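What follows is one structure encoded as C-alpha cells, with my remarks underneath.
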Amino acid sequence: MDELTYTLRQLCLRNRDGSHMTQANRQRSLSLMARQLQEAGFRQMRAGSLKGRHVETLLQRWQAEGLSAGTLKNRVAHLRWWAEKIDKAGILPADNALLGIPDRCYVTNESKAKELGEGLNRITDPYVRMSLRLQVAFGLRREESIKFQPDYADRGDHIALKGSWTKGGRERTVPITTPEQRAVLDEARRLAGAGSLIPAHKTYKQQRDIYDGQCKAASLRNMHGLRHQYAQTRYEVLTGWKAPAAEGPSATQLTPAQREQDHAARQAISRELGHERVQITAVYLGR
C-alpha cells in the first residue's frame, strides 16, 4: 500500500464521522483519489500533503470523464472532508458552483411517489416487511428502516433516529401523528423487542442483501419512492392541498398566505426527511 492511501486510511480511522455506510463510501472515494493522484505523477504524497494543484488535477480528471453532477458532488464532499481534517479547508471553495459543478436537483413536477400495494404480501421475511412498513409510515431511508430499534426510537409522540442509522450521521425526529403510525410502531416493537430490525444472528449487510433480494422477487423497485409518498401525504396534511408533484397547484398559483403555508410545510418535511436544505423538498413535492 502506498503512503498516501495508508495515511488517508489512518485519517478515516481517527475521524469516524457519519454512519458506517458513509464512512465506507468515504474511504473508497479517498482510496480512488490516492490512486488517481499517483497516476497523475504525484508519488511522494501523504494525507497532509494536499494542495490546490492536487485538487485541480482531480477535478479536471473527473470532469473530463463526464461524471454526473451527483457523483461529482459526492466526490467533492469527500475531498472537502479530507481538506478540513488536515486544516486546509480553504483550498476548496464552499460553493460547488465555483468548481463548475452543476446543481443535480432537476425538478419536473412529475411524481416519483410509490406505494407498496400487493407487493408487500409477496415479502416473506417479517423483518423486511416491517422495514418497508416503517418506510411508508415515517418516510425512512432503507438503511434507517433496517437498523431501526423500535424500543429506542419510540418517544410517545415522535420517533428519534440515531446518527449511526442516518445518512451523514445526522440525528433527527419524526412526529407520530396518525393511528397508523402508532400501530406500525407497536408491531415493530413486538417483533424486534429490545433489538433492531436486523435479526440477532445477522449483520446489517446480510439483512440489507435479504431486503434487496426480497424486494426484487416481489417486483418492488425504487423503494425510495416511499419517501416521496410520505412527503406528499405530509404536505397535503400540513397545507390542506396537494403538492405540485401530486397534481396540486404550483407555487405561482398560490396566494401570498398560501405561500407562507407552503414554505412552513416544506421546512417541516425537510427536517422529517433528514435534509439540511428546504430546497431539496422540490424533488419530492415539485414546485
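For this structure, a couple of remarks:
- Per-region count, the stretch 134-155, residues surrounded by fewer than 23 Cβ atoms within 10 Å (Cβ to Cβ) and either charged (D, E, K, R) or not assigned by TED's automatic domain parsing to the domain that holds Val184 (or both): 6
- Only residues that are under 17 Å from Glu144 (Cβ atoms), outside any helix (DSSP H, G or I) and either of a type in the set (Lys, Arg) or more than 21 Å from the chain's Cα centre (by Cα) (or both) were counted across the stretch 178-196, and they come to 1.
- Residue selected from the stretch 238-287 under the condition of a type in the set (Asp, Glu) and not in a helix (DSSP H, G or I), by the criterion nearest to the chain's Cα centre (by Cα): Glu276
Residue by residue, here is whether (1) surrounded by fewer than 20 Cβ atoms within 10 Å (Cβ to Cβ); (2) of a type outside the set (Val, Ile, Thr); (3) more than 19 Å from Pro175 (Cβ to Cβ) holds:
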position: Gln206; (1), (2), (3): yes, yes, yes
position: Ile210; (1), (2), (3): yes, no, yes
position: Asn222; (1), (2), (3): yes, yes, yes
position: Gln229; (1), (2), (3): no, yes, no
position: Glu236; (1), (2), (3): yes, yes, no
position: Gly240; (1), (2), (3): yes, yes, no
position: Val278; (1), (2), (3): yes, no, no
position: Leu285; (1), (2), (3): no, yes, no
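- When Gln229, Gln279, Gln261 are screened for being touching a residue at least 12 places away in the same chain (Cβ under 8 Å), under 30 Å from Arg122 (Cα atoms) and of a type in the set (S, T, N, Q), only Gln229 passes.
- Checking Pro175, Pro199 one by one, the residue that is surrounded by 13 or more Cβ atoms within 10 Å (Cβ to Cβ), within 24 Å of Glu115 (Cβ to Cβ) and over 17 Å from the mean Cα position of the chain (by Cα) is Pro175 and no other.
- Residue in the stretch 255-266 that is surrounded by 19 or more Cβ atoms within 10 Å (Cβ to Cβ) and within 16 Å of Lys114 (Cβ to Cβ) present: no
- Leading residue by the ranking (modelled with the lowest pLDDT) among those in the stretch 48-74 that are closer than 17 Å to Gly90 by Cα and of a type in the set (D, E, K, R): Glu56
- Arg28 under 17 Å from Leu79 (Cβ atoms), surrounded by fewer than 17 Cβ atoms within 10 Å (Cβ to Cβ) and among the charged types (D, E, K, R): yes
- Residue ranges of helices (runs of 4 or more DSSP H) in the stretch 1-78 with at least 2 members hydroxyl-bearing (Ser, Thr, Tyr): 3-14, 20-39
- Within the stretch 194-218, being under 12 Å from Thr124 (Cα atoms) and hydrophobic (A, V, I, L, M, F, W, C) holds for Ile210, Cys215, Ala217, Ala218.
The values are calculated or read from the model by the stated rules, or taken from the named source; none is laboratory data. Here the structure is a predicted model, which is why all the values come from computation and not from measurement. With ideal geometry, Cβ positions are generated from the backbone for all residues, glycine too; neighbour counts draw on all protein chains shown.
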